[in-house]
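Student: Below you'll find the structure I mean.
Nothing in this text is a laboratory measurement; each read-out follows from the coordinates by a stated rule. Quick caveat, the model's predicted, so the values are computed rather than measured. In this analysis, Cβ positions are derived from the backbone assuming ideal geometry, glycine residues included, and neighbour counts consider all displayed protein chains.
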Amino acid sequence: MGPQSPDVGKAAGARPRAITFRAVLLGLLVVVFVNAGSPLAEALAFSNFSWSYLPEGGVVPFLLLLLINLGLRRWLPRRALTRGELLTVFVMGLVSNGTPLFLMFFHLSAIVSPLYFTTPDDRWATLLLPHLPHDLIVNDPRAVRWFYEGLPAGQPIPWHAWLVPLSRWAPFLLSLLASSYALVVLFRRPWREHERLSYPLMQLPLLMVDESAGAGTPPLARSPWFWIGLLIPFGATVLYALHSAFPTLPAPALDHIGSLRFGMLPINQRTPWIQVEFTLNFLALGIGYFVPSQILLSIWVFYLFRLLEEMTISVLGIDLGSGGMFTWGNSNTAWQSGGAFFMLGLSAIYAARRHLRSSILQAVRGGPDSEELLSPRTAWAILSGGALFMAAWLTHYRMPAGVAALFLAAVLIIYLGIARVVCEAGVFYFVPPLIAQNLAIYTLGSRFIGPDGMFALGLTYSWHGDVQTVLPGLASQCFRLKDDMRCNGRQFSLIIMLTLVLGLAVAAFTIITLGYTHPAMSWNTWVFKGWGPSTYGQVIQQVQNPFDSSLPHILWFAAGAILTAALVWARMRLNWFPFHPIGLAVVSSFTIGVAVWFACLVAWIAKSCIIRWGGMAGFRAAAPFFLGLAVGHFVGRVLAITVGIAFGVQLL
């Protein structure tokens with residue numbers, strides 16, 4: 001393993017129980033808040049409430065609870081929450097962001113949009129609707145029209161129109177969540193105890209609840225450097241808000257996720273559309289300080305390498321053309337990075353092979369393991385049983401068995417890769433370079449898959465299209481916090497499952513109710529207006545213009561896999577080798593350009609200079625400033641979202 005940042009602020013000694021009745025109750029209230037507030041914020045203000053692996057929906061309620069708890073510790077110390085209870089609430093709040101937006105928001109759009117956007121011009125009545133199972137979509141024309149255009153006065157919400165599709169989808173979605181959770185549970189011990197991943201994003205909650213100095217204000221908040229760091233992003237947001245109200249006032253340029261925009265620089269006159277994007281995200285910078293230096297270096301170096309590669313591809317005229325739906329940017333480098341990403345997931349499996357083999361033997365023999373979140377038998381049963389159920393469900397709805405097997409295997413590898421990137425590299429805002437449908441379609445060919453199979457794949461974009469804020473990336477981080485909580489594995493897994501079930505129900509109820517009270521066509525988001533026509537339109541095009549397996553796509557995918565295998569080998573064998581394979585695996589994600597790469601460069605320079613001239617004492621002394629940048633990002637986002645919802649404008 002490469003160099004890792006130290007865990008700062010780790011308190012020693014026994015602690016009171018973490019999972020108490022009041023902690024779980026507070027956590028459930030946060031779950032309701034997130035799953036109701038995230039769709040509301042997305043629809044009315046196009047916010048980023050649940051858009052990352054350390055989202056506003058997880059951190060903002062936690063910061064508010066910390067503030068309230070400081071008052072309790074001062075005036076009612078016996079009523080104050082303990083460190084473990086605070087972490088319990090944070091875990092439930094963080095995991096709850098996996099259900100409202102990139103699962104239920106997109107999913108409900110997929111099942112309500114086909115009927116509404118069917119027109120004589122697009123011929124969906126003959127090209128699309130006959131191929132979609134009627135029990136998987138909303139089929140009541142009035143219910144669909146009222147959702148998009150408003151409920152007539154005196155009419156009740158037509159819940160009956162939603163009950164059939166939701167009841168058909170519920171077992172599949174619950175199996176998806178359960179099996180993906182079991183998958184990352186199997187990797188908790190090798191990642192935490194054997195490879196010792198750094199879990200950079202979890203430094204924020206751990207340091208915010210540090211009790212090493214006893215009762216009172218946490219040591220972090222006593223540092224002036226923390227407040228200086230906090231005021232920088234918050235001050236930038238305040239200036240931007242004032243500029244929005246009074247345009248004559250100067251303000252820094254901020255984007256929709258609160259990053260400072262410095263502009264874009266073309267790297268070549270012949271390819272002016274290939275540009276280096278200079279945006280500094282304060283959360284990425286603050287967390288980047290705790291990311292291993294080798295990973296920071298690799299991300300910004302491979303990002304620039306990707307741009308040079310894309311320039312060369314354009315000059316030589318060897319562009320692949322379409323890379324498939326939800327492929328961002330250049331198709332060649334996306335498929336190359338996709339191969340690298342899949343190899344990263346496979347290398348994680350290979351590195352954990354001894355532990356996985358041992359857990360299989362334990363599952364066969366039986367017996368509890370109190371140190372694990374699930375017993376080996378339970379984890380393997382949920383993973384294998386869930387995968388088999390999902391495969392049977394997909395084949396029942398006309399997806400060929402071989403396609404379903406390839407697709408689900410790819411989904412699970414992508415989920416594992418996301419968890420690895422988040423836990424090791426701390427990339428808070430990340431989208432995989434390639435999704436599972438594209439791998440199946442371009443490997444097998446749409447002609448081989450057939451119309452029924454293609455439309456069955458089309459419905460899966462509802463939960464695996466814009467792949468962000470998925471459960472494995474959220475839950476796997478929380479395993480780091482479990483070490484600081486006094487609870488056994490079963491209790492921890494139970495609150496995760498409780499969070500997910502409640503989250504699904506609240507999110508579905510909120511989104512459907514919101515559509516009938518505030519018509520979906522008036523929402524300030526593209527999902528319910530553009531997702532259906534775009535996604536189903538492309539599926540129809542692939543069916544009407546069938547193609548065979550694409551060798552060029554496969555070759556670019558293979559090239560990325562081979563390069564990553566070489567990087568893994570070099571990193572294991574050559575102590576001096578400076579690059580990490582994660583760099584190549586993530587650089588084609590559009591989020592790296594808009595939020596991550598430049599922050600990694602700045603963090604790498606700052607961290608290298610501080611450690612070189614200040615040593616580890618200097619590293620620890622500077623940590624509050626960088627945590628302040630991260631916290632200030634969230635405080636600024638609260639301002640942006642509140643103003644956006646209150647005045648119906650998109651502030652950022």
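Student: What is the sum of charges, Lys and Arg at +1 and Asp and Glu at -1, for the other residues whose Cβ falls under 14 Å from the Cβ of L101?
Tutor: Numbers: positive: none; negative: E42, E56, D466.
Net local charge, L101 excluded: -3.
Student: Next up: If the chain were replaced by its equivalent ellipsoid, with semi-axes equal to the square roots of 5 times the Cα gyration tensor eigenvalues, what would those be, largest first, whole Å?
Tutor: Values: eigenvalues 256, 177, 153 Å².
After diagonalising the Cα gyration tensor, the semi-axes are 36, 30, 28 Å.
Student: Ok, one more. So, R0 is 30 Å and r is the distance between the beta-carbons of R79 and L494; what FRET efficiency does that work out to, to 0.05? Let's see the in-between values first.
Tutor: Values: r = 25 Å, r/R0 = 0.84.
The pair R79/L494 has a calculated efficiency of 0.75.
Student: Right, something else. What is the Å³ per residue value for the convex hull set by the Cα atoms of the range 448-539?
Tutor: Values: hull volume 14.5 nm³, N = 92.
Per-residue hull volume (Cα only) is 158 Å³.
Student: Using the scaling law 2.2 N^0.38 Å as the reference, what is the normalised Cα Rg of the range 178-264? The partial results should precede the final answer.
Tutor: Working: Rg = 20.0 Å, N = 87, 2.2 N^0.38 = 12.0 Å.
Its radius of gyration relative to the 2.2 N^0.38 Å reference: 1.66.
Student: Based on alpha-carbon positions alone, could you give the equivalent ellipsoid semi-axes of the range 324-476 from the gyration tensor, as √(5λ), descending, whole Å? Write out the running numbers ahead of the final one.
Tutor: Values: eigenvalues 158, 87, 34 Å².
Taking √(5λ) for each Cα gyration eigenvalue gives 28, 21, 13 Å.
Student: May I pose another question? Sort Y350, Y199 by Cβ crowding within 10 Å, fewest neighbours at the top.
Tutor: Y350, Y199
Student: Counting Lys and Arg as +1 and Asp and Glu as -1, what is the net charge of the other residues whose Cβ lies under 14 Å from the Cβ of G537? Spell out each step's value before the answer.
Tutor: On the way: positive: R123, K529; negative: D121, D122.
The answer is 0.
Student: Another question about this same structure. Give the order of C487, C478, C423, C609 when sorted by the count of other beta carbons within 10 angstrom, beginning with the fewest. Write down the numbers at each step before the final one.
Tutor: Working: C487 20, C478 25, C423 28, C609 12.
Lowest count first: C609, C487, C478, C423.
Student: If I require 24 Å or longer along the helix axis, counting alpha carbons, and a Kyte-Doolittle average no lower than 1.6, what helices from the chain are left? Use full DSSP H segments.
Tutor: Working: long enough: 21-45 (34 Å, 1.75); 56-75 (28 Å, 1.13); 160-185 (37 Å, 1.23); 224-245 (31 Å, 1.25); 293-316 (34 Å, 1.33); 331-351 (29 Å, 0.63); 376-396 (29 Å, 0.74); 401-425 (35 Å, 2.13); 489-517 (42 Å, 1.66); 527-544 (25 Å, -0.25); 551-573 (32 Å, 1.18); 597-647 (48 Å, 1.40).
Flagged H segments are 21-45, 401-425, 489-517.
Student: Using the crude model of +1 on Lys and Arg Cβ and -1 on Asp and Glu Cβ, and no other charge, please compute the dipole size for the range 250-396 relative to its Cα centre, in debye to 20. Let's see the in-between values first.
Tutor: On the way: 8 positive and 8 negative charges, 81 e Å.
Rounded to the nearest 20 debye, it is 380 debye.
Student: Roughly speaking, what % of Cα-Cα pairs in the range 317-388 are separated by over 18 Å, rounded to a whole number? Before the final figure, lay out each step's value.
Tutor: On the way: 1524 of 2556 pairs.
In whole percent, the long-distance tail amounts to 60.
Student: Quick one: compute a quarter of the convex hull surface over the Cα atoms of the range 195-244 and quote it in nm².
Tutor: About 5.4 nm², averaged over all directions.
Student: If you average 1/r over all unlike Cα pairs in the range 248-382 and invert the result, what Kirkwood radius do you get in angstrom?
Tutor: Numbers: mean 1/r = 0.0515 Å⁻¹.
Evaluated over the range 248-382, this radius sits at 19.4 Å.
Student: While we're on this one: Based on C-alpha coordinates, I'd like the Rg and Dmax of the range 229-316, in Å.
Tutor: 16.7, 49
Student: Dipole size in debye (nearest 20) for the range 211-326 around its Cα centre, Lys and Arg Cβ +1, Asp and Glu Cβ -1?
Tutor: Details: 4 positive and 6 negative charges, 45 e Å.
The calculated dipole for the range 211-326 is roughly 220 debye.
Student: Volume per residue, Å³, of the convex hull around the alpha-carbon atoms of the range 43-86? Numbers along the way, then the final one.
Tutor: Details: hull volume 3.7 nm³, N = 44.
Here the figure is 85 Å³ per residue.
Student: If you take the Cα Rg of the range 517-601 and divide it by 2.2 N^0.38 Å, with N the number of residues, what do you get?
Tutor: Dividing the Cα radius of gyration by 2.2 N^0.38 Å gives 1.71.
Student: If only Cα atoms are counted, what is the Rg of the range 228-277, and what is its Dmax, in Å?
Tutor: Every Cα atom of the range 228-277 included, Rg and Dmax give 14.6, 43 Å.
Student: Please state the equivalent ellipsoid semi-axes for the range 528-652: what are the square roots of 5 times the Cα gyration tensor eigenvalues, largest first, in whole Å? Walk me through the numbers before you get to the answer.
Tutor: Numbers: eigenvalues 288, 209, 11 Å².
Equivalent-ellipsoid dimensions as semi-axes: 38, 32, 7 Å.
Student: Subtract the Cα-Cα distance of M572 and V501 from 0.36 nm times their separation in residues, and report this length gain in nm to one decimal.
Tutor: Values: separation 71, 0.36 × 71 = 25.56 nm, distance 4.13 nm.
Stretched out fully, the M572 to V501 stretch lengthens by 21.4 nm.
Student: What's the magnitude of the charge dipole for the chain around its Cα centre, counting Lys and Arg as +1 and Asp and Glu as -1 at the beta-carbon? Answer in Debye, nearest 20.
Tutor: About 1820 debye.
Student: Round to the nearest 0.05 the FRET efficiency obtained for F21 and W526 when R0 = 41 Å and r is the Cβ-Cβ distance. Can you show the working numbers first?
Tutor: Values: r = 42 Å, r/R0 = 1.02.
Once rounded, the FRET efficiency stands at 0.45.
Student: Hey, another quick one. Ranked by Cβ crowding within 10 angstrom, fewest neighbours first, how are H553, H396 ordered?
Tutor: On the way: H553 26, H396 12.
Going from least to most buried by this count: H396, H553.
Student: Mind listing the Cα extents of the range 462-516 along all three principal axes, in Å, largest one first?
Tutor: Here the spans come out as 44, 22, 14 Å, largest first.
Student: How do 460-472, 506-518 rank on mean C-beta neighbours within 10 Å, highest first?
Tutor: Numbers: 460-472: 23.0, 506-518: 20.6.
For the peptides 460-472, 506-518, the packing ranking is 460-472, 506-518.
Student: Which FRET efficiency value, to the nearest 0.05, is calculated for R354 and Q275 with the Förster distance at 51 angstrom and r the Cβ-Cβ distance?
Tutor: Numbers: r = 46 Å, r/R0 = 0.89.
Result of the calculation: an efficiency of 0.65.
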